[in-house]
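Input: a single structure, listed below in structure tokens.
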Amino acid sequence: MASQEHLEKMKLRQDYRNLWHTDLMGTIQADTPYCCFALFCGPCVSYLLRKRALYNDMSRYVCCAGYMPCSGRCGESKCPEFCLATEVFLCFGNSVASTRFMLQDEFNIQTTQCDNCIIGFMFCLQQVACIFSIVAMIVGSDEIQQASQLLSCLSEMVYCSVCACMQTQHKIEMDKRDGAFGPQPVMAVPPFQQMSRIDQPIPPSAGYQPQPAYGQPYGYPPPPQAARLPSWWLSSIQLSSIQLSSTCLSAFWL
């Protein structure tokens, strides 16, 4: 039953949408001093990260974060600090993976394909080194024995390097959670825009300059208007036309 629940959680992590703040390839560049610290003192870093992932509340501690069959059966509630120290020294790999699962489930983080390839390569190299050691023990050949020792040394180096990068990745993610990179950006309210009314012939401009009227070329001044005659000139013209009309009528009746 417990194994089935763990399988369902693993499938659920594949549907997470968020990503790690830094992938495994960029952890060395992102925080070089902490990556070196995690490389040379991995159990100490694992202890600090697990305690930080629990928000420094050790009353919430469960062995291997509840992802292993032994979780909750080791008397963690009586002395959680001692149990966590025992976990990180005796089950270092499980402690790193458990902290990773905790952060993934809390923030809905999925592991990228590149990170999966790096972790998968680490596991495959350990399996190949183990197989070579078994073959060298059975056959008794010196050449195979030397090859198995080289593979074991290489697999241990890759294992320590990947675990250090993973723990640096966890630390950067919790730095982001605790606001070490500054506050999260807040969406600003859009600027106020005036709505046009039915009785308004032209809607108001919203951030752009008003465009010229239709038919008017860009960059040219408006066409000149026709000159208007003065009012006294129009009055004299009208008076002259009235006098001319009266003269014509008088001549007609005479």
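The values are calculated or read from the model by the stated rules, or taken from the named source; none is laboratory data. Since the structure is predicted, the reported quantities are computational estimates derived from the model, not experimental observations. Glycine gets a Cβ as well: all are built from the backbone with ideal geometry, and neighbour counts include every protein chain shown. The protein model used for the area step is the full one, side chains on, heavy atoms only, and it has no ligands, DNA or RNA in it. Shrake-Rupley method; radii C 1.70, N 1.55, O 1.52, S 1.80 Å.
Here are the numbers for the structure shown:
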{"item": "Looking only at the range 15-71, and only at residues there that are in a helix (DSSP H, G or I), among the hydroxyl-bearing types (S, T, Y) and in contact (Cβ under 8 Å) with a residue 60 or more places away in the chain, the one that is most open to solvent (accessible area, probe 1.4 Å)", "result": "Y34"}
{"item": "The range 109-133 residues that are within 21 Å of Y16 (Cβ to Cβ) and among the hydrophobic types (A, V, I, L, M, F, W, C), paired with ones that are exposed (fewer than 15 other Cβ atoms within 10 Å of the Cβ) and modelled with pLDDT under 90 (beta carbon under 7 Å, 6 or more apart)", "result": "I109/Y16"}
{"item": "For V88: the one exception among (1) assigned to a loop (DSSP other than H, G, I, E, B); (2) crowded, with 19+ Cβ neighbours inside 10 Å", "result": "(1)"}
{"item": "Filter result for V96 (crowded, with 16+ Cβ neighbours inside 10 Å and of a type in the set (V, I, T))", "result": "yes"}
{"item": "C114 vs. criteria closer than 26 Å to Q14 by Cβ, of a type in the set (A, V, I, L, M, F, W, C) and open to solvent by 30 Å² or more (accessible area, probe 1.4 Å)", "result": "yes"}
{"item": "Candidates Y67, Y61 - the one that is hydroxyl-bearing (S, T, Y) and out of contact with any Pro (no Cβ under 7 Å at 6 or more places or on another chain)", "result": "Y67"}
